[in-house]
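What follows is a set of notes on a single structure, which appears directly below.
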Amino acid sequence: MCDAMPVIFSEPRPGDADQQELVLLLTNALMSRKAVDLTIVPHLYDLEPTGPTMEFLREIEEPMIVISWLYPRAAFWTLKTAGIAGQLAEEPADQEERERPVWCLGLHSEVDPKSILDEVDRILAGAAAPFSGRSDNREPTRRVEDTRERWYPVIDRDRCSGCLECLNFCLFGVYGTDSSDDILIEQPDACRPGCPACSRICPEGAIMFPQHGDPAISGDAKASLEGLKLDLSQLFSGADPSAQALAERDRAVETMQSQPKPAGGDRLDSLVDELDEMDL
Amino acid sequence: MPKPLVFMMGQSPAILPVDRRYARNHMWVIEMGETLRVGFSAYAVRLLGDMRHLEWSVEVGTEVLAGQQIGFVEASKATSDLYSPMPGRITSFNDSVLSDPGLINSNLYDSAWLMELQGVCDGLLDPEPYVRHLEASWPLAQRLLKGQAGRNPNQDPR
Ligand code: SF4
Ligand code: SF4
């Protein structure tokens, strides 16, 4: 019998006071539960697979709970890609399943902390053998690692069909294949920060960019794939694409100049950057 | 039949038969006596992916203008409105591609034609000029694609 269940709590990226407050509230509440063995780690997505924190996570063999600022799917496949075994668990009953269950709970700025704690309690209550509970009164364990903000694709292997469209599409050498021709994210850090292009190209909706603003791209399991499709009407209207692209760009620049600080400014900014920087 | 032309879209060849002409909106046009038969070029099909759904917003008999919107296509990678490549009167739509759009992927230059119309084939390009049109516009088409694919940059603190 174990005394407590490993609960991994991923910190947010630095900077947001509201998020920090939520972290404090949740970690305190978790520590007050004797059946929780809490470890606080840096932002999951920013961890290097070869770094000490992922190494530590790989060594955990029991069912565990991972709480992070990522959608469950994104968190799970980020871990799995780093060699952390298990299956994404949804119900307490999943503890009976073949692979070690990993429960991934997603945080965001508006999350109700109670819903997270209820979920943790539900999972603890459903454990195969009840926990005896920690006897100590210690602080949570903190894994410290120097991280920087990363940006790279995460593949949901349950969805990926192995078509290699992403490999053919990406111009930055992010993708490669292994010896059995399976898709591999060979150079994650060659990915262009902010570029989610290949996630829209993947026919299976298997590619996630967990830090992207669109839920369908950042890993919301329920967000529709249809929303990801490109609208090529501009190309098929018969107008010369070069004229179209330039017109788009001019419009973008104009809109930016005419609106002092538009809400959509960053979007337009990035569209213009996209047009400027893309080295084709 | 003479050898088709090939335009390389990155790694993927787009095959362009030389027995027909091409519209700038990536449709081919072939004369069949009085009528002109129209279909997608391989370039269009490659950009769109596997065809899933095709619909026309005009009826047989309609007089259309060049560039008039006449339908919509949804494929695995993209969607697009469809536009008439030239002015004329629509004489028929191909029912078999309407019921099985996937035919377009397997047979785009033969049985998977899209529609027929009677009109003047002004402004169409011969295969070589069409390839030059593709060459000239491919980099910018790519940028446009990526520009669109790159929208919604991350603003979420998550
Ligand atoms: S495009 Fe999508 S389905 Fe195809 S190999 Fe890449 S991730 Fe897998
Ligand atoms: S997002 Fe862009 S740069 Fe990154 S892997 Fe995909 S296509 Fe390549």
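The values are calculated or read from the model by the stated rules, or taken from the named source; none is laboratory data. Since the structure is predicted, the reported quantities are computational estimates derived from the model, not experimental observations. Ligands, DNA and RNA are stripped out before the accessible areas are found, and what is left, the full protein with its side chains, is counted by its heavy atoms. Shrake-Rupley method; radii C 1.70, N 1.55, O 1.52, S 1.80 Å.
In the full protein context, chain B carries 43 Å² of accessible surface per residue, based on a 1.4 Å probe and ignoring ligands, DNA and RNA.
For a test of the definition: using alpha carbon positions, the gyration tensor, and the 1.5 limit on a/c, classify segment B:1-62 as rounded, prolate or oblate. Note, shape of segment B:1-62 comes out oblate.
What a 1.4 Å probe finds exposed on chain B is 49% carbon and sulfur by accessible area, rounded to a whole percent. Remark: the A:A127-A:Q20 segment gains 35.6 nm on full extension, using 0.36 nm per residue and subtracting the alpha carbon distance. Residues A:F131, A:F172, sorted by accessible area with the largest first, give A:F172, A:F131 [1.4 Å probe; ligands and nucleic acids excluded]. For the pair B and A, the buried accessible area comes to roughly 4300 Å² in total, with a 1.4 Å probe and the value rounded to the nearest 100. Whole-Hz Karplus values for segment A:176-185 come out as x, 10, 8, 5, 9, 6, 7, 5, 9, 8 Hz, taken residue by residue from phi with 6.51 cos²θ - 1.76 cosθ + 1.60 and θ = phi - 60°; glycine and proline positions read x.
Note on surface exposure: B:E135, A:E99 rank B:E135, A:E99 by accessible area, highest first, 1.4 Å probe. Accessible surface of A:R200, taken over heavy atoms with a 1.4 Å probe and every protein chain present, rounds to 10 Å². Give the accessible area for A:F56 in Å² (nearest 10); use a 1.4 Å probe, count only protein heavy atoms, and leave out ligands, DNA and RNA. Counting only protein heavy atoms, A:F56 exposes about 50 Å² to solvent. Interface residues of segment A:156-171, defined as those losing at least 30 Å² of solvent-accessible heavy-atom surface relative to the isolated chain (probe radius 1.4 Å), are listed as A:E165, A:N168, A:F169.
Accessible surface for A:D146 stands near 150 Å², nearest 10, in the context of the full protein assembly shown (1.4 Å probe).
For the full complex of protein chains and a 1.4 angstrom probe, list B:R52, B:R89, A:R192 by accessible area with the highest value first.
B:R52, B:R89, A:R192
Can you classify segment A:5-142 as rounded, prolate or oblate using the Cα gyration tensor, where a ≥ b ≥ c are the square roots of its eigenvalues, rounded means a/c under 1.5, and otherwise it's prolate if a/b beats b/c and oblate if not? Because its axes are fairly even, with a/c under 1.5, segment A:5-142 counts as rounded. First check a/c for segment A:141-238, with a ≥ b ≥ c the square roots of the eigenvalues of its C-alpha gyration tensor; if it is under 1.5, answer rounded, and if not, answer prolate when a/b is larger than b/c or oblate otherwise. Note, shape of segment A:141-238 comes out prolate.
Based on protein heavy atoms only, segment A:5-142 ends up with 44 Å² per residue of surface accessible to a 1.4 Å probe.
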